[in-house]
Amino acid sequence: MKSLFVILSDSFYFKQRGLTEIPTSVFAHINNNVAIAMSDTVTEVVEDNFMKTFKALKRKSPPADLGSVINVDDSKWTSMDKVKQIYPQTVTSTEHEGMIPSSEWSMYELTSVPGAILIRNPFRDKLRKYMIARCYSMYPRLPNVTNHIDSKMSYEDVWQDFCSDAPSDMSVDYIKKLRWVTLGYHYDWTKKIYVKENKSEFPQDLSQLTQFIVHAVLGEEIKFKAEASIVNYYHADSTLSGHTDHSEFDLTAPLISISFGRTCVFMIGGQSKAQVPEALFLRDGDVFIMSRNARMSYHAVPRILPNDSSYLNYTPAFPGDVHTSNIPTDRENCHLKRTYDEKATPCKRIKLESEKFSADLISSLEDADSWSLFRRLLSGGRLNINVRQVFEPGKGPEDYIWPEKDNYIAI
Ligand code: OGA
Ligand code: MN
């Protein structure tokens, strides 16, 4: 595949994002494995190791060898130096009712990509089910934007029909073909920019949840604000090719990615495709944080795994809906854990039945029939909720010069 991107007025585009050092005005991807970057001063040939790994892991026949994919559920990997177990930066003054206590989260940082952090499913089942139900039943509704942008049907009607005893082919097809939803600032996929006027209110449940995660893992002094999100609906054959997320004005705030459903192989490398990437499994309920160095790393999803146990120790997404967090056993010596236990003042708790969560939806999911609809929807695929902060702390839309659509043309 050949592609050529020409960035006009490159200094404008990059300066708005604080990237003044990028001298290159033309990038030409000559073939799959070699990228040549040209400018007045630089001519550099680099090997595209990211693409090489992506192709190897994506291969269907003969089937890709997944033996090199980091599997933190297997002690062989955690005893190697590819990942190190990490502990919360601070003891949170708040706990989240929908999650196991943050002092018990199993967290791993990739040695080769500092700031890339995996949290093995910290969700309690109630919140996990709630988030899945929100992704299918609520987030695709107006004013949020979906890939069915040109459709005349409202998602509310589609969903109502889909939940009826005899859903029409049209609504079944509509939901099957749902690929993405954007929340908050809506991403313009063709121009790769956010547009000032194109935004809707960010869902409070997701905003509160991601802020809690950032506080628990990176420290409460970090003022993370969820301002944009892409919810990806993956199917058995879906892949997501290598990219960096660089359209936000703040490129230092962490990216928070939450996965539900089938396990995928996730790849993450460096800020250049020359760096050999690592691959790891992301499973049902896992949270992945791209902070610090990892914020601008190339990443991709080369493969969604089948919903059975045909790959090593991988846990099926729905083994009778059993919560599958693996709590580490070596925490006795962890100072943070002791501090937490001895805390005199009781924690504030984020309650699920607050106005920020839809109490009706939560209680309806206790009914096995209503959950089984979502369970069936997700059993064939994978959901990924990717949450971003768009602006620098304390700043808002008025503090920036927004790119004009004519300044960035992809051909
Ligand atoms: C994205 C993304 C990763 C995933 O949506 O930008 O990188 O795990 N998603 O699906
Ligand atoms: Mn991404």
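The values are calculated or read from the model by the stated rules, or taken from the named source; none is laboratory data. What you see is a predicted model, and the numbers here were worked out from it, not measured in a lab. Glycine gets a Cβ as well: all are built from the backbone with ideal geometry, and neighbour counts include every protein chain shown.
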Inset, instruction - Please indicate, with yes or no, whether at least one residue in the stretch 99-112 is among the aromatic types (F, W, Y) and over 21 Å from the mean Cα position of the chain (by Cα). - result: no
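Here is a yes/no grid of residues against (1) at pLDDT below 85; (2) surrounded by fewer than 17 Cβ atoms within 10 Å (Cβ to Cβ); (3) within 25 Å of S93 (Cα to Cα); (4) more than 16 Å from ligand 2 (Cβ to nearest atom):
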site: L312; (1), (2), (3), (4): yes, yes, no, yes
site: R338; (1), (2), (3), (4): yes, yes, yes, yes
site: A344; (1), (2), (3), (4): yes, yes, yes, yes
site: E355; (1), (2), (3), (4): yes, yes, yes, yes
site: S364; (1), (2), (3), (4): no, yes, no, yes
site: G380; (1), (2), (3), (4): yes, yes, no, yes
site: N384; (1), (2), (3), (4): no, no, no, no
site: R388; (1), (2), (3), (4): no, no, yes, no
site: E404; (1), (2), (3), (4): yes, yes, no, yes
Inset, instruction - Taking only the stretch 187-202 into account, find how many residues are closer than 24 Å to D399 by Cβ and either in contact (Cβ under 8 Å) with a residue 60 or more places away in the chain or crowded, with 16+ Cβ neighbours inside 10 Å (or both). - result: 10
Inset, instruction - Take the stretch 23-75 and flag every residue that is over 24 Å from the mean Cα position of the chain (by Cα), of a type in the set (A, V, I, L, M) and either buried (at least 16 other Cβ atoms within 10 Å of the Cβ) or modelled with pLDDT of 50 or more (or both). - result: A35, A37, V45, V46
Legend entry - Those residues of the stretch 248-275 which are assigned to a loop (DSSP other than H, G, I, E, B) and under 26 Å from N121 (Cβ atoms), in sequence order: A253, P254, R262, T263, G269
Inset, instruction - Please identify the pairs in which a residue from the stretch 370-394 that is under 22 Å from V172 (Cβ atoms) has its Cβ atom under 8 Å from the Cβ atom of a residue that is away from ligand 1 (no atom under 14 Å from the Cβ) and β-branched (V, I, T), counting only partners at least 6 apart or on another chain. - result: F374/I132; L377/I175; L378/I132; L383/I132
Legend entry - Residue selected from the stretch 353-400 under the condition part of a loop (DSSP other than H, G, I, E, B) and small (G, A, S), by the criterion nearest to ligand 1 (Cβ to nearest atom): G381
Legend entry - the stretch 138-163, residues that are within 22 Å of K356 (Cα to Cα) and either in a loop (DSSP other than H, G, I, E, B) or touching an Asp or Glu at 6+ places or on another chain (Cβ under 6 Å) (or both): M138, Y139, P140, R141, L142, P143, N144
Inset, instruction - Just need a number here: residues in the stretch 233-247 that are touching a strand residue (DSSP E or B) at 6+ places or on another chain (Cβ under 8 Å) and not in a strand (DSSP E or B). - result: 8
Legend entry - the stretch 273-291, subset away from ligand 2 (no atom under 16 Å from the Cβ) and surrounded by fewer than 24 Cβ atoms within 10 Å (Cβ to Cβ), residue farthest from L66 (Cα to Cα): A274
Legend entry - Whichever residue in the stretch 223-239 is crowded, with 19+ Cβ neighbours inside 10 Å and aliphatic (A, V, I, L, M) and, among such residues, is farthest from ligand 1 (Cβ to nearest atom): A226
Inset, instruction - Could you tell me whether F374 is closer than 14 Å to K129 by Cβ and modelled with pLDDT of 90 or more? - result: yes
Inset, instruction - State which residue is farthest from ligand 2 (Cβ to nearest atom) when the search covers only the stretch 223-258 and only residues that are among the β-branched types (V, I, T) and within 17 Å of P277 (Cβ to Cβ). - result: T239
Legend entry - Whichever residue in the stretch 255-272 is near ligand 1 (Cβ under 10 Å from one of its atoms) and among the hydroxyl-bearing types (S, T, Y) and, among such residues, is nearest to G285 (Cα to Cα): S259
